[in-house]
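Engineer: This is the structure I have questions about; it appears just below.
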Amino acid sequence: MRITAVTCVKNEGPFLIEWIAFNRVIGVTDFLFYSNDCTDATDRLLDALETCGIVTHLPNPAKGRNYQMEALKDAKKQEVVLNSDWVWIADVDEFLNIHVGKGTIPELVEACGDPHAISLTFQFFANCDIETYEDRPVIEQFTRSHNPDIWCDQTAQEVKTLIRHDFPVKYYGAHRPFMRENLPKASRPVWTDGSGRDVPWKYRVAANKRRIRKFPAGGAREFATLNHYALRSLDSYLVKNDRGDVNREHRSFDDTYWRERNDDAWEDLSIHRYLPRLKAEMDRLLADDEIRALHDAAVAAHRDTLDRLMKEKDYRALREGLRSCPKISPAELALRELIET
């Protein structure tokens, strides 16, 4: 089974090797990376990985517009996507935690009945009071999240989607594919959640604008969960804030974004079963001297950026503010206050 992962990156160099290694462990065979405006060796590391035949690396084609959507439009015509059996569109801080068999995508596909698409529900992993960036696996460090079925005050949660080659794609979205219109009933795709259940009809046809990329999370994770490490360490979050969002220009992150994702009430160690295989695959990738040197350069750049930020009064204040934030989202806090009154 040929599985292509598609992603967009900007200054994600320290985290690339783990993400690539993890996806190779779960069965991804090909990678299509789009990068833009990198200053931390991300692009050079991807070039070296491409030379070794591990990834395909292209400059993001967007020109002052939505980076991710422009890249996905381009990806639809790339051979590495056209020749794949499945396409997996995800970000470098997202890890597909598969609960069946040995935890591979082919086993997930089989468990779900070989549908045309599988939408996997997010689970946001908290900062876990880790302040200092360390060059070791993210999935090993961050082990706590919100209750998987409820995020902030919402029971409907966002998803990312595995897409089979014969899905009737009109265009790829970052979270899900959009179907061609007016399909005859016999041509409508089979589309499941992470428990092999049919996804809600209104989600399938994008009928509810507020539910285009999410649906109720209850019971949706029997076979797989999408672990999302949006915060990582406090140090890395500040560097992420300085970088902005790869998906949109001029987007910054404030304490609302942090608080929405820093609920650590639930411990989940299930992804740790991958660690021996992950570390072995990381070691294989880093055995190449050039790849190792560029990974180390990206790590050094990450730390240098933090040092620069800590010389700025506003970033020092942001760091202290985040350290003292309550581990409850603004929406949940407002709901509690409403109930209490």
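Engineer: What part of the accessible area of the stretch 1-140, given as a whole %, is carbon or sulfur when the probe is 1.4 angstrom?
Structural biologist: On the stretch 1-140, the fraction of accessible area on carbon and sulfur atoms equals 44 percent.
Engineer: Something else: If I model a spin label at Glu50 and Met1 as a point 7 Å from the Cα along the Cα→Cβ vector, what separation in nanometres do I get?
Structural biologist: So the two model labels end up 2.8 nm from each other.
Engineer: Multiply the residue separation of Ile328 and Asp242 by 0.36 nm, subtract the distance between their alpha-carbon atoms, and state the gained length in nm to one decimal.
Structural biologist: 28.6 nm
Engineer: Let me ask you something else. Measure out, as a whole number of angstrom, how far apart the alpha-carbon centroids of the stretch 259-296 and the stretch 14-44 sit.
Structural biologist: 12 Å
Engineer: Arrange the residues Arg292, Arg210 by how much accessible surface each exposes, largest first, with a 1.4 angstrom probe.
Structural biologist: So, going from the largest accessible area down, we get Arg210, Arg292.
Engineer: Right, another one. Mind checking the log10 I(q)/I(0) for the stretch 61-137 at q = 0.22, 0.23 Å⁻¹? Debye, one equal scatterer per Cα, no solvent, two decimals.
Structural biologist: So the normalised log intensities are -1.14, -1.17.
Engineer: In debye to the nearest 20, how big a dipole does the chain give about its Cα centre with +1 on each Lys and Arg Cβ and -1 on each Asp and Glu Cβ?
Structural biologist: Charge dipole, the chain, about its Cα centre: 1360 debye, nearest 20.
Engineer: Right, next: Using modelled backbone amide H atoms (1.01 Å from N, in-plane), which distant-in-sequence or interchain residues come within less than 5 Å of Ser35's amide H?
Structural biologist: Amide H neighbours of Ser35: Val9, Leu58, Asn60.
Engineer: Please work out the average accessible area per residue across the chain, using the 1.4 Å probe convention, and give it in Å².
Structural biologist: On a per-residue basis, 44 Å².
Engineer: Shifting gears a bit: Beyond a 25 Å Cα-Cα separation, which of these cross-linked pairs lie in this structure: Lys76/Lys102; Lys202/Lys240; Lys102/Lys240; Lys279/Lys327; Lys102/Lys214; Lys10/Lys76?
Structural biologist: Long pairs (Cα-Cα over 25 Å): Lys76/Lys102; Lys202/Lys240; Lys102/Lys240; Lys279/Lys327; Lys102/Lys214.
Engineer: List the lysines whose alpha-carbon lies under 19 Å from that of Lys77, not counting same-chain residues fewer than 8 positions away?
Structural biologist: Lys63, Lys170
Engineer: Can you send over the carbon and sulfur percentage of the accessible area for the stretch 288-341, probe radius 1.4 Å, protein chains only?
Structural biologist: For the stretch 288-341, the apolar C and S fraction of the accessible surface comes to 52 percent.
Engineer: Another question, if that's okay. Which aspartates and glutamates have a Cα less than 16 Å from the Cα of Lys311, not counting those fewer than 8 places away in the same chain?
Structural biologist: Excluding near neighbours in sequence, the set is Asp235, Asp242, Glu320.
Engineer: Pull up all non-local amide H partners of Ala90: gap of 5 or more, or a different chain, and H-to-H distance under 5 Å with H placed in the peptide plane.
Structural biologist: Val6
Engineer: What is the antiparallel percent of DSSP beta bridges lying wholly in the stretch 4-65, to the nearest 5?
Structural biologist: Just about 0 percent of them are antiparallel.
Engineer: GNM, the chain, Cα, under 10 Å: largest mean-square fluctuation among Ala111, Ala280, Ala297?
Structural biologist: Of Ala111, Ala280, Ala297, the Gaussian network model singles out Ala280 as fluctuating most.
Engineer: Which residue, Val100, Val25, Val159, has the most motion in a Gaussian network model of the chain that connects Cα atoms within less than 10 Å?
Structural biologist: Between Val100, Val25, Val159, it is Val100 that shows the largest mean-square fluctuation.
Engineer: Indicate, rounded to the nearest 5 percent, the antiparallel portion of the DSSP beta bridges found entirely in the chain.
Structural biologist: 55 percent
Engineer: Just round it to a whole percent: the fraction of Cα-Cα distances in the stretch 172-291 exceeding 20 Å.
Structural biologist: Tail of the P(r) past 20 Å holds 66 percent of the pairs.
Engineer: Here is a follow-up. Per 20 Å bin, what is the whole-percent P(r) computed from every C-alpha pair distance within the chain?
Structural biologist: Cα pair-distance distribution for the chain, in percent: 30, 61, 9, 0.
Engineer: Follow-up. Eigenvalues of the Cα gyration tensor times 5, then square-rooted: what semi-axes does that give for the stretch 1-134, in whole angstrom, largest first?
Structural biologist: 24, 20, 15
The values are calculated or read from the model by the stated rules, or taken from the named source; none is laboratory data. Everything numeric here is computed off the predicted structure, so don't read it as measured data. Using ideal geometry, Cβ is built from the backbone for each residue, glycine included, and neighbour counts are taken over all protein chains shown. The accessibility values were calculated without ligands, DNA or RNA, using every heavy atom of the protein model including side chains. Shrake-Rupley method; radii C 1.70, N 1.55, O 1.52, S 1.80 Å.
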